[in-house]
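The values are calculated or read from the model by the stated rules, or taken from the named source; none is laboratory data. From a predicted model like this one, the values you see are computed outputs, not experimental measurements. Please note: Cβ atoms are built from the backbone with ideal geometry, for glycine as well, and neighbour counts cover all protein chains shown.
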Ligand SMILES: Cc1cc2nc3c(=O)[nH]c(=O)nc-3n(C[C@H](O)[C@H](O)[C@H](O)COP(=O)(O)OP(=O)(O)OC[C@H]3O[C@@H](n4cnc5c(N)ncnc54)[C@H](O)[C@@H]3O)c2cc1C
């Protein structure tokens with residue numbers, strides 16, 4: 001058993017941290033208040049190869065292994081969870097789905113522009129009446145010769161404002177289907193942007209599909225493979241979100257520990273007080289436990305095969321750790337933790353999302369339980 005990162009992974013880790021500190025940290029608060037992700041920041045990330053992080057070199061990706069990808073998400077989320085979630089959606093949900101399920105023509109058409117940031121991806125599964133129960137979606141696809149016609153409404157589509165390509169799920173005659181729908185397709189409208197508690201630099205939009213007609217060649221995968229595509233994407237996203245949760249929690253600990261060593265009350269830095277030490281120690285223990293579970297899960301994913309149990313487990317744990325740690329670190333910082341002029345308030349708001357986005361904690365627990373009871377020949381349904 002070897003817990004050490006390779007020399008190359010350590011080099012990447014340093015490079016990701018440099019980028020996040022230099023490019024994201026100085027503008028993270030401003031991005032949050034302005035509720036936007038500056039296009040030039042995405043361009044700079046693309047120049048570093050981050051937008052095609054796990055794509056192969058043939059399509060101009062950076063061909064990162066899974067552990068390095070996790071290191072990237074962790075580093076970005078240390079400064080902005082919004083930025084990490086926007087990239088995870090683009091890479092884990094959309095680009096990797098095209099790589100895994102796309103035809104040669106689809107890969108050649110979409111992956112190079114996605115790797116260089118010319119096209120941003122968005123994933124449209126959830127609907128007003130199909131959240132956790134995504135299989136109950138009402139969006140329909142009807143085939144008309146060599147064309148498909150989509151009708152329905154999607155909600156909370158991450159990257160809605162910036163996306164050039166939407167991976168849209170719809171119910172067809174042969175089951176759930178997935179389609180690659182470019183933004184300029186007639187009948188597709190990007191609508192209302194939801195105001196949110198956290199993750200304010202990312203847009204979450206309603207998507208309307210009204211007689212949206214596109215060539216059948218834009219279907220992703222085999223007929224009826226939409227559910228499998230969504231599940232596989234969900235596993236990848238769970239790991240990316242867990243990595244983002246680790247970055248958020250680790251940086252919150254870092255910020256609060258620094259504060260505690262500088263803030264003087266009763267004549268000494270508050271770090272000298274055992275109550276504060278307890279908060280800091282508990283946070284450090286949870287962060288390191290998450291790191292170990294996450295890196296192991298990333299390693300498993302790199303080996304291939306089914307890692308859905310591990311992906312769900314680490315997503316549940318990361319959401320809990322991020323929430324616990326940010327909550328305690330607000331307490332360590334007292335009033336300064338609550339003020340929007342200091343970074344902890346944003347981190348606390350952002351952390352809450354990790355238990356919902358990418359499938360809520362309750363549903364990931366069902367998936368974990370399913371594996372446990374499968375060994376006892378008991379089928380578990382949500
Ligand atoms: C900010 C944000 C961004 C998002 N981005 C995207 C995106 O880009 N693309 C996309 O397709 N979707 C996206 N989503 C949707 C997200 O994946 C769903 O919100 C999520 O799957 C849950 O659906 P819901 O919110 O409708 O909750 P509901 O399904 O209504 O659930 C409400 C509560 O009931 C619980 N619950 C439901 N069923 C069960 C059950 N069987 N057992 C136990 N508990 C249950 C849930 O866990 C939850 O706590 C986003 C959501 C948010 C909030």
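Exactly one residue out of 126, 89 is within 29 Å of residue 255 (Cα to Cα) and within 16 Å of the ligand (Cβ to nearest atom), and it is 89. Quick check: anything in the stretch 68-79 within 16 Å of the ligand (Cβ to nearest atom) and touching a strand residue (DSSP E or B) at 6+ places or on another chain (Cβ under 9 Å)? For the stretch 68-79, residues within 16 Å of the ligand (Cβ to nearest atom) and touching a strand residue (DSSP E or B) at 6+ places or on another chain (Cβ under 9 Å): absent.
In the set (1) near the ligand (Cβ under 10 Å from one of its atoms); (2) touching a residue at least 24 places away in the same chain (Cβ under 8 Å); (3) surrounded by fewer than 21 Cβ atoms within 10 Å (Cβ to Cβ), the condition left unmet by residue 140 is number (1). Among the residues making up the stretch 359-373, those that are within 7 Å of the ligand (Cβ to nearest atom) and either part of a helix (DSSP H, G or I) or farther than 25 Å from residue 156 by Cβ (or both) are 361, 362, 363, 366.
Considering the stretch 336-350, the residues that are under 18 Å from the mean Cα position of the chain (by Cα) and away from the ligand (no atom under 13 Å from the Cβ) include one that is farthest from residue 310 (Cα to Cα), namely 346. Here residue 101 fulfils each of the conditions (1) within 15 Å of residue 167 (Cβ to Cβ); (2) within 14 Å of the chain's Cα centre (by Cα) apart from (2).
Just a yes or no: is a residue in the stretch 187-194 touching a residue at least 40 places away in the same chain (Cβ under 8 Å) and either within 12 Å of the ligand (Cβ to nearest atom) or surrounded by 22 or more Cβ atoms within 10 Å (Cβ to Cβ) (or both)? The answer is no; no qualifying residue exists. Applying the criterion of being assigned to a helix (DSSP H, G or I) and out of contact with any helix residue (DSSP H, G or I) (no Cβ under 7 Å at 6 or more places or on another chain) to the residues of the stretch 337-358, the residue that is surrounded by the most Cβ atoms within 10 Å (Cβ to Cβ) is 353.
Residues that are more than 16 Å from the ligand (Cβ to nearest atom) and surrounded by fewer than 19 Cβ atoms within 10 Å (Cβ to Cβ) within the stretch 198-217 comprise 210, 211, 213, 215, 216, 217, listed in sequence order.
Is at least one residue of the stretch 104-114 more than 14 Å from the ligand (Cβ to nearest atom), under 23 Å from residue 360 (Cβ atoms), crowded, with 21+ Cβ neighbours inside 10 Å and modelled with pLDDT of 95 or more? No, because not a single residue in the stretch 104-114 is more than 14 Å from the ligand (Cβ to nearest atom), under 23 Å from residue 360 (Cβ atoms), crowded, with 21+ Cβ neighbours inside 10 Å and modelled with pLDDT of 95 or more.
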